[in-house]
Structure formats: structure tokens, C-alpha cells
Amino acid sequence: SAINGQEFLQRVFDSTGLKLEIIDRETEARLAVAGCSVLADPDAESVLIFDIGGGSSEIVWLERDATSPKDGLMRAWTSLPLGVVSLAEKFGGMDVTPQTYETIVDFVESSMSGFLAETRNLARTGSFHLLGTSGTVTTIAGVHLNLAKYDRRMVDGLWMSDVEVSAAIGKLRSMTYAERASNCCIGPERADLVLAGCAIFEAIRRKFPAPRTRIADRGLREGMLTQMMRKDQVWLGSHSVGGRP
């Protein structure tokens, strides 16, 4: 979608000889599932996987299925044309008032209308949970854990209750821009983006309320690697230890 996208691709090819492949939105959603589904609770009947990106956000409704016991079955998916960067540019990200925050949440909710209609008849039982991957959810996890230094080993696979997520988001919203920039789990590069991400997460939580969320510090790259390993028949999948491949 970048104006100079083709120019960039040509520059990469001229400089490196590499021809980059631009994946479509469905492929991005499927890669997110491939990279994160190993963290889904094996006893859950369904899982909502979401990947909050910079310019788009993918949401997938995943159900356990006898034909796909490892990853589950993608019953519905959507790619919202919004992310932390585009929302921060549209609404501002440095000083986000409570009113602005709610405006962003409402905007995201309205963008989810088609996906909500598609998933209206899907059962949401007590075994349903959220599974999030992105800098937003890992930041929320790091703030929740009060990490002095971000540690992937502490974050990847972490379970957070709905109350814990609300408390961490509340803590982030109470910080000034300077406080967010100085936080080791955020930093100056994401200080103006994290609240937009929180608003996207908030919209998902309101439309798909679940008692708990699992945090994934993994995503598209792991999804691509997983697909390559499966193609070469070296993916262990369900034989992973402790929920991690």
C-alpha cells in the first residue's frame, strides 16, 4: 500500500538480487496461525488468534477439528485495514485522552462488523480463549510482570486473566509519553504506538469477551519457518515440550 512500494522492491532487487514476495492478507492470517497455534490450550474448543500489526490487524477464529488436530480449523478470518501506526497517525499517539482512546476503540469495533456477522453463530464456550501476537500484547505482558528488562522467556506462552489485562492496559494509559518512552518494555520507538495497540486489543476483548488471553512472542516468521519444516517433514508439532516447539 506504500506509494513507493514498487520502487522499494526494485531497489532491493538491484542491490541484492533478491525478489521479495508480497503476501496477501489471507496468507498473513494463515502464517500467524501457523506460528502461534502451538500455544493454544489443547483443551479449548475454540481460540481467537489476533495479530496487531502496524498497518493491518489479522483476526482468526480457530476451532479444534479432527482433520486438523494440531493447528485447528480456520472457521473465519479477517484482515482489518488498520494497525498501531495507521491509528496513531489518524488519532495521535503521544497524548491520548480517555475520550480519544474510546474513539479509537469505537473506530476499530466498526471495522470489525463483517467479521462479527460471520462469527455470530459460532459457539463461544467456557473453553474459549484469546491468543495474541504482536508488540502490543508482549508489551502488556511485560508491564504486567513489571520486568526490569524485557525477557522473551517470561512472556512467550504467558497466560493473563481478563482482570490482569485490564490492569496492565490501565497502567499503560495512566503513563505519560515520557514514562512510556523510558519503560524498558516499550521504549521511544513504540511510545507513541502502544496505546493505539491497546485500543485494538480492547475492541477485540469487548466483542469477544474471554476469561483469559495467552501471549505469544512469535508470529509470522515462526509461521514461515513452521511451513518450511513441515514441507521438509521435520516439524515435530504436537511432540513439542511445554507448549513450545
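The values are calculated or read from the model by the stated rules, or taken from the named source; none is laboratory data. Fair warning: this is a prediction, and the values are worked out from it, not measured in the lab. Neighbour counts run over all protein chains shown; Cβ positions are idealised from the backbone, glycine included. Just the protein is used for accessible areas: all its heavy atoms, side chains included, with ligands, DNA and RNA removed. Shrake-Rupley method; radii C 1.70, N 1.55, O 1.52, S 1.80 Å.
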Checked region 125-166 against the a/c 1.5 cut and the a/b vs b/c comparison, axes a ≥ b ≥ c from its Cα gyration tensor; verdict prolate
Estimate the FRET efficiency between residue 110 and residue 233 by the formula 1/(1 + (r/R0)^6), using the beta-carbon distance for r and 51 Å for R0, to the nearest 0.05.
-> 0.70
Express in Å², to the nearest 10, the accessible area of residue 184 obtained by rolling a 1.4 Å probe over the protein heavy atoms while all chains stay in place.
-> 60
By the scheme Lys and Arg +1, Asp and Glu -1, what is the net charge of all other residues having a beta-carbon under 13 Å from that of residue 203?
-> -1
³J(HN,Hα), Karplus 6.51/-1.76/1.60, whole Hz, each residue of region 54-61, x for Gly, Pro = x, x, 8, 9, 9, 10, 10, 8
The chain: longest stretch without exposed GluC sites (Glu not before Pro) (DSSP loop, at most 16 other Cβ within 10 Å), sites themselves excluded?
-> 46-188
Potential extension, residue 221-residue 122 segment - 0.36 nm per residue separation minus Cα distance | 32.7 nm
Enumerate by residue number the trypsin sites (Lys or Arg not before Pro) in region 8-88 meeting two conditions: DSSP loop (anything except H, G, I, E, B), and at most 10 other Cβ atoms within 10 Å of the site's Cβ.
-> 19
Rounded accessible area per residue of the chain, 1.4 Å, Å² | 52
Cut-off 13 Å between beta-carbons: net charge of the residues surrounding residue 6, Lys and Arg +1, Asp and Glu -1 = 0
Relative to a virtual label point 7 Å from the Cα of residue 149 in the Cα→beta-carbon direction, which members of region 174-216 show backbone nitrogen distances below 13 Å?
-> 184-185
Between residue 161 and residue 75, what is the label-to-label distance in nm when each label sits 7 Å out along the Cα-to-Cβ direction?
-> 2.7
Asserting the computed 222 nm helical MRE of the chain (DSSP H runs at least 4 long, -39500 (n - 2.57) per run, divided by residue count, to nearest 500) equals -13500 deg cm²/dmol
Taking 1 over the mean of 1/r across every pair of different Cα atoms in the chain, what Kirkwood radius in Å do you get?
-> 18.8
What nm distance separates the two modelled labels at residue 6 and residue 89, each placed 7 Å from Cα along Cα→Cβ?
-> 2.0
First compute the accessible area of the chain with a 1.4 Å probe, then give the percent of it belonging to carbon and sulfur atoms.
-> 53
Using a/c under 1.5 as the rounded threshold, could you call region 83-156 rounded, prolate or oblate? The axes a ≥ b ≥ c are square roots of the C-alpha gyration tensor eigenvalues, and prolate needs a/b larger than b/c, oblate otherwise.
-> oblate
